[in-house]
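Colleague: The structure is given below, and queries will be raised subsequently.
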Protein chains: 2
Amino acid sequence: MAGRECSIANALAVVGERWSLLALREVMFGERRFDQIARNTGASRDILAARLRKLVEAGVLEKRQYEQHPPRYEYVPTEAGKALQPILMNLMEWGDRYVTEGPPPTVWEHTCGAELPSCTPRRCARAAASRSAASGSYEWAGFSRTVGDP
Amino acid sequence: MAGRECSIANALAVVGERWSLLALREVMFGERRFDQIARNTGASRDILAARLRKLVEAGVLEKRQYEQHPPRYEYVPTEAGKALQPILMNLMEWGDRYVTEGPPPTVWEHTCGAELPSCTPRRCARAAASRSAASGSYEWAGFSRTVGDP
DNA sequence: GTGCTAAGTTGGAATTAAGGACGTACTAGG
DNA sequence: CCTAGTACGTCCTTAATTCCAACTTAGCAC
């Protein structure tokens, strides 16, 4: 037990469990409600509830009530949550390059036309293509992403 | 089950399990042998063996024999493994900022004296300080890291 | 009343991890 | 020869987690 004292380990204690980063991905993609996150990640509802609670306790997400009767909540990223976005982007690029077979399921690019280097922070990004079936668009923290058929 | 088709999910299928990224951290820190990785991560030996096998199968690490009699192996990063380094660095920075209390356990800086922005790839980096008890130094893929008392 | 959506909770089965002992193979010391 | 120590795992038993489906609560629409 124990292991080296290290901020990587500390970070993983917060976001390193299964489904945590995928839940965060959904929030980043604009899906902020429990059922949407559950559907899009494929996580069990009980585990997802536990992960979201933990992320809220850790200050990565904030639970915000968007309806009084009946009470309904959505999850929005805090500053710490937003700071994880580059990590998710890098992870996606790594997955594109070394794991995913075929073309990347989602591609981001600058709305300004510049190419998107593997560097953070990124601003002015827009999803150019997606093999995902869902449609919609979303903007957050300087990012803009569109999902849909070309 | 199922969930969105996404390279983040694909990446996490390879490196998202508990201990995988910490094992990779050790390899990145220059600890490439089973016992060292086990000690420094705190993982159970059987689980660690399973993770390392998986990482080798996924092409992230390579198992290299460094001794014939008795056969002894060490784990070295492949190109895919090296490509994960920026992600670990970003995760460490995120942990430093939002999780770890007190000063960062490990600090990297450019050997050229320039400050180290939160951007990849990094070259010419050197660990300036560490609260870790262990001593030693290590260089890999343009990084140089020193662990020890100032 | 029936069905639908949303955001979870509950209970029981299945899976995974923890922790330590053990095996094998070699080296060093007495 | 006998004992220790190092290295790299595997095996076994117990403990903790996760999965899955069903259920709850609360309101709205028909």
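Coordinate-derived values only; no laboratory data. Model, not experiment: these values are computed from the prediction. Every residue, glycine among them, receives a Cβ derived from its backbone with ideal geometry; neighbour counts consider all protein chains shown.
Colleague: What gaps in nm, shortest first, separate residue A:79 from its twins in the other copies when you place the label 7 Å past Cα toward the beta carbon?
Modeller: Once sorted, the set of distances for residue A:79 reads 4.0 nm.
Colleague: Go through B:36-44, A:58-66 and give me the packing order, highest mean Cβ count within 10 Å leading.
Modeller: Working: B:36-44: 19.4, A:58-66: 15.6.
Those peptides, ordered most packed to least, come out B:36-44, A:58-66.
Colleague: Count the net charge of all other residues whose Cβ sits under 11 Å from the Cβ of residue A:11, scoring Lys and Arg as +1 and Asp and Glu as -1.
Modeller: Working: positive: B:25, B:97; negative: B:93, B:96.
Net charge around residue A:11: 0.
Colleague: Within straight cross-link reach of residue A:63, meaning Cα distance under 27 Å, which lysines are found once same-chain residues fewer than 8 apart are removed?
Modeller: A:54, A:82
Colleague: Let me confirm one metric for peptide B:34-41, namely the mean number of other chain beta-carbon atoms within 10 Å of its residues' beta-carbons.
Modeller: Numbers: counts 0, 0, 0, 1, 1, 3, 5, 6.
Mean shielding count: 2.
Colleague: ³J(HN,Hα) across segment A:10-15 via Karplus (A = 6.51, B = -1.76, C = 1.60, θ = phi - 60°), whole Hz, x for Gly/Pro?
Modeller: Rounded to whole hertz, the list is 4, 5, 5, 5, 8, 10.
Colleague: Still on this model: Give the separation of the Cα centroids, segment B:7-23 to segment B:34-65, in Å.
Modeller: 13
Colleague: From the label point of residue B:65, set 7 Å from Cα along Cα→Cβ, how far away are the matching label points in the other copies, in nm, ordered shortest to longest?
Modeller: 6.7
Colleague: Same structure, new question: Using 1/(1 + (r/R0)^6) with R0 = 25 angstrom and r between the beta carbons of residue B:57 and residue A:46, what's the FRET efficiency to the nearest 0.05? Mind dumping the intermediate values first?
Modeller: Working: r = 31 Å, r/R0 = 1.24.
Once rounded, the FRET efficiency stands at 0.20.
Colleague: Applying the Karplus parametrisation 6.51 cos²θ - 1.76 cosθ + 1.60 with θ = phi - 60° to the phi angles of segment A:87-102, what ³J(HN,Hα) value in whole Hz is obtained for each residue in order, glycine and proline being reported as x?
Modeller: Coupling constants for segment A:87-102: 5, 5, 4, 5, 5, 5, 5, 5, x, 4, 7, 10, 10, 4, 8, x Hz.
Colleague: Same structure again: Please list, ordered by chain and number, the residues whose modelled amide H lies under 5 Å from the amide H of residue A:73; skip anything fewer than 5 residues away on the same chain.
Modeller: The answer is A:66.
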